[in-house]
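Worksheet for the structure shown next.
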Amino acid sequence: MIELISLMFEVSALTKIYHTGRVELRALDGVSFSLPDGDLMAIMGRSGSGKSTLLRQLGLLDRPTSGSVVFEKKEVTRLSEGERANLRLSYMGYVFQEYALLGELTAHQNVYLPGMMAGDKQNNYQARARELLDLVGLGKRLKHYPKELSGGEQQRVAIARALINRPKVLLADEPCANLDTVSSKAVMETLVRLNNELGVTIVLVSHDPADRKYTKSLIVLSDGKIVERG
Amino acid sequence: MLKSLRVAGFLAFTSIKKGNFGVVALTVLILTIVSLNLLFVPSLLNGLVTSANDKLKNTYAGDIIIESATASSLIPDVEGLDNSIEGINGVTSVAPRNSLGAELSFANQRANVVVLGIVPEQEKTVFTVDKHLIEGSYLEAGDRDQILLGAQVAGADRPKLELYSRSLKEVHAGDKILAVYANGVPKTYTVKGIFYAEFIQADLQAFVSEAELETVNPQFAGKASSIRVKIDNQASETEVVSEIGKLRDGLRILTWEDYAGIVRSMTDSFNVINTILDVVNILVAAITVFIVTYIDVTNRRRQIGIQRAIGITRSSIALSYLLRGLFLAIVAAIAASLAFTYIVMPLEASHPFRFPLGNVYLVSGLPYLARAGLTLVVAALVAAFLPVWLALRIRILDAIWG
């Protein structure tokens, strides 16, 4: 019996070249892979290997020099800025390395802002933001501003924010890079729980080999090329 | 659009609430000062024009001037025409005048004037010259051999008068002066009074009673060189002019504005000055908002990048800055309107500006306040939009990571 696997991403010959004066830097060099629904995949590699560049291509924060990214069977590399913003808002959650919370908003407001943008009803997005902050263990820190939270707490607020619009995929760029061991463990366990309990597909960038144990699949990049799959 | 507006409003509100209070307060203060300037200059110029116009109408021209349009410079059957004009809806009163050039002399000083023959009681219903006496008293119907002089003619020992050097210099009420009329008739007059209306054209006038002037030129009997008409404040000058025109042929009917081109050119000049100052003020307001927004946007470039990365649309972000600019401008406009109405205007009213034509009071009202407020808001919106538009053109990654 053949089981049909639904694919979240299909990446084909993805190349990204940066030009600095006459110097050409191939950050991604013909990367191809597929990501099934429900996966928890790590992108690993040394510093400068192209991990974050690849994640930004998946998160539609940047455009490739060539190649294609198919998201949910739709080619997305040539969409307009507005269409890409809509896709990011409705289907993707992005967690930045350095938390990237909005300093003038409370934890609760940071989480529900994308819900407000998506046009959800006020009661719905505010209640869901509370649930998500509960889920990441910050139910009692709703009214706290980012500067009043630790690095690990800020990163968990960022994860809750990424989930507010029930995204199909969560993209996390070295979410534990600036955290201590205890906070890192809490964040990674949160991601695993989200993957297992909510079925959210997760792609995370990490340079820490210890994170392998949390993931279901893996690609390793070196000089913009995939050198290992697992 | 509604959700964009909702998000924009939310972002603008939190940015004002949690932003740097000092920056917000300073911005509002600068915009308030600019707005006050937008109110003050037109109000002052308008006050000046209004004051000049009032002086012109009340001491020199009247509201409507009727002259002969025929070969004869005199209007015949003036009493009948006066009665007809007074019957027109909107006309308050009329005052016929005759005029004859004369050279006045006192001691060694000479001055050329046009002596006006008036009916004092009618004259007082059209003009307010009788309210500006600085010496002596006003003319009466039966006065003979008496003359009423403007201060710029008499001099009255007031060297600071603009035309003192061309006046009779030391004439006071009770002095006797010699008048030699253009028809060669000499008359010696006792100066009955001197008036100072603080309006040069008015203060260059000299009055005798109509009966007195008819002794100089008997042809004036029953006729007038001109008829001055006063109308209700609510009456339309155009309509009254039209009605007077129907009464009789051979009349030239002018409004005070037609008659005194000097006021029109002064008003036009003030409007040009006002426009130039408005443009400067608007530029100051726009540049202020631009700088504040530019610094704010530069400081928040990363935040804007993050907002875009999590799916906040460019229009929402731009709108949030516009709403912020709008808020600052509205607060400043309201503050300026209140300060102008309840502080500046009462203060100026108790210490009015002195101009050659007398005290000038600020003239304002809802249209002025609305105009200044609207100008400030439009300038603030345009100025706030430019830096945001530039910031939103930057790639998300550049905005977040530089």
Top-ranked residue in segment B:345-392 [being touching a helix residue (DSSP H, G or I) at 6+ places or on another chain (Cβ under 9 Å) and of a type in the set (D, E, K, R); ranked as surrounded by the most Cβ atoms within 10 Å (Cβ to Cβ)]: B:Glu348
Flag if A:Tyr99 is part of a strand (DSSP E or B) and within 14 Å of chain B (Cβ to nearest Cβ): no
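Yes/no per residue for (1) more than 30 Å from A:Gly59 (Cα to Cα); (2) touching a strand residue (DSSP E or B) at 6+ places or on another chain (Cβ under 8 Å):
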residue	(1), (2)
B:Arg228	yes, yes
B:Ala260	yes, no
B:Val280	yes, no
B:Arg302	no, no
Hits in segment B:273-323 (condition: within 14 Å of chain A (Cβ to nearest Cβ) and surrounded by fewer than 20 Cβ atoms within 10 Å (Cβ to Cβ)): B:Asn299, B:Arg301, B:Arg302, B:Arg314, B:Ser315, B:Ala318
Among (1) open to solvent by 20 Å² or more (accessible area, probe 1.4 Å); (2) among the hydroxyl-bearing types (Ser, Thr, Tyr); (3) within 14 Å of chain A (Cβ to nearest Cβ), the one test that B:Tyr60 misses: (3)
The lone exception for B:Thr59 - which of (1) within 16 Å of B:Ala206 (Cα to Cα); (2) of a type in the set (Ser, Thr, Tyr); (3) more than 32 Å from the chain's Cα centre (by Cα) it fails: (3)
Evaluation of B:Thr125 against (1) free of Cβ contacts under 8 Å to residues at least 40 places away in the same chain; (2) of a type in the set (S, T, N, Q); (3) touching a Ser or Thr at 6+ places or on another chain (Cβ under 6 Å) (one fails), failing number: (1)
Options B:Ile30, B:Ile16; residue that is surrounded by fewer than 20 Cβ atoms within 10 Å (Cβ to Cβ) and under 29 Å from the mean Cα position of the chain (by Cα): B:Ile30
Residue, farthest from A:Leu113 (Cα to Cα), within segment B:1-51, restricted to residues that are in contact with a strand residue (DSSP E or B) (Cβ under 9 Å, 6 or more places away or on another chain) and polar (S, T, N, Q): B:Ser51
Residue that is most open to solvent (accessible area, probe 1.4 Å), among those in segment B:100-126 that are part of a helix (DSSP H, G or I) and not polar (S, T, N, Q): B:Glu121
Checking A:Val11 against (1) within 14 Å of chain B (Cβ to nearest Cβ); (2) within 30 Å of A:Glu197 (Cα to Cα), the condition it does not meet: (1)
Selection from segment B:214-228 of residues that are in contact with a helix residue (DSSP H, G or I) (Cβ under 6 Å, 6 or more places away or on another chain) and among the hydrophobic types (A, V, I, L, M, F, W, C): B:Phe220, B:Ala221, B:Ala224
Residue list for segment B:324-344, filter: in contact with a Gly (Cβ under 8 Å, 6 or more places away or on another chain) and open to solvent by 20 Å² or more (accessible area, probe 1.4 Å): B:Ile330, B:Ile334, B:Ser337
Any hit, segment B:235-246, residues being assigned by TED's automatic domain parsing to the domain that holds B:Lys124 and touching a Ser or Thr at 6+ places or on another chain (Cβ under 7 Å): yes
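In segment B:219-253, what residues are among the charged types (D, E, K, R) and in a helix (DSSP H, G or I)?
Selection gives B:Glu237, B:Glu239, B:Glu243, B:Lys246.
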Filter result (within 14 Å of chain B (Cβ to nearest Cβ) and surrounded by fewer than 16 Cβ atoms within 10 Å (Cβ to Cβ)) within segment A:66-85: A:Ser80, A:Glu81, A:Gly82, A:Glu83
Residues located in segment B:380-402, provided they are part of a helix (DSSP H, G or I) and of a type outside the set (A, V, I, L, M): B:Phe385, B:Pro387, B:Trp389, B:Asp398, B:Trp401
Matching residues in segment A:182-216 - criterion: being open to solvent by 20 Å² or more (accessible area, probe 1.4 Å) and either touching a strand residue (DSSP E or B) at 6+ places or on another chain (Cβ under 6 Å) or at positive phi (or both): A:Gly199, A:Thr215, A:Lys216
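The values are calculated or read from the model by the stated rules, or taken from the named source; none is laboratory data. Being a predicted model, the structure only gives us computed values, none of them experimental. Methodologically, a virtual Cβ is constructed for each residue, glycine included, from the backbone with ideal geometry; neighbour enumeration extends over all protein chains shown. These area figures cover heavy atoms from the full protein model, side chains too; ligands, DNA and RNA do not enter into them. Shrake-Rupley method; radii C 1.70, N 1.55, O 1.52, S 1.80 Å.
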